[in-house]
Amino acid sequence: MFFFKKDIILKTLLVAEPYLFHTYKMCRPGQLPGTESVCFEILGFDILIDDKLKPWVIEVNRCPSFGSNQQIDFDIKSRLLVDSFELVHLRASDRQR
């Protein structure tokens, strides 16, 4: 099942890539071509799995909710944030910078 969700997410990102690339490029106008982007965002995918186990993208949220009213929500979303900060090498000491 995981592979189906992964595949549908990748295909959705491929379709959205030109729009996302343009948006992220606007984070740093005037940057030289080929330089690294300084932007990232967490996208929230709402995927419905039907009775035949076929996944359907319902929507993609550019600003997904990080609120949690259940422990499983908190566990998943807090780990996602920690992993994201580690991915971009963000440390608590960077807060002052």
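Test of understanding: what is the full-extension gain from Ser93 to Ile49, defined as 0.36 nm times their sequence separation minus their Cα-Cα distance?
Value of the extension gain: 11.7 nm.
Ignoring everything but the protein chains, give the 1.4 Å probe accessible area of Val82 in square angstrom, nearest 10.
60 Å²
Roughly what would the spin-label model give for Ala16 and Gln71, points 7 Å off Cα along C-beta, in nm?
In this crude spin-label approximation the distance works out to 3.2 nm.
Probe 1.4 Å, all protein chains in place: accessible area of Glu17 in Å², nearest 10?
90 Å²
Please list the non-local residues whose amide H lies under 5 Å from the amide H of Phe45, H modeled 1.01 Å from N, same-chain partners needing a gap of 5 or more.
Counting only residues 5 or more places away or on other chains, the set is Asn61.
Using a simple spin-label model with points 7 Å from Cα along the Cα→Cβ vector, what separation in nm is obtained for Cys27 and Glu86?
So the label points at Cys27 and Glu86 sit 2.0 nm apart.
The values are calculated or read from the model by the stated rules, or taken from the named source; none is laboratory data. These figures come from a predicted structure and were not determined experimentally. Every residue, glycine among them, receives a Cβ derived from its backbone with ideal geometry; neighbour counts consider all protein chains shown. These accessible areas exclude ligands, DNA and RNA; they are computed on the full protein's heavy atoms, side chains included. Shrake-Rupley method; radii C 1.70, N 1.55, O 1.52, S 1.80 Å.
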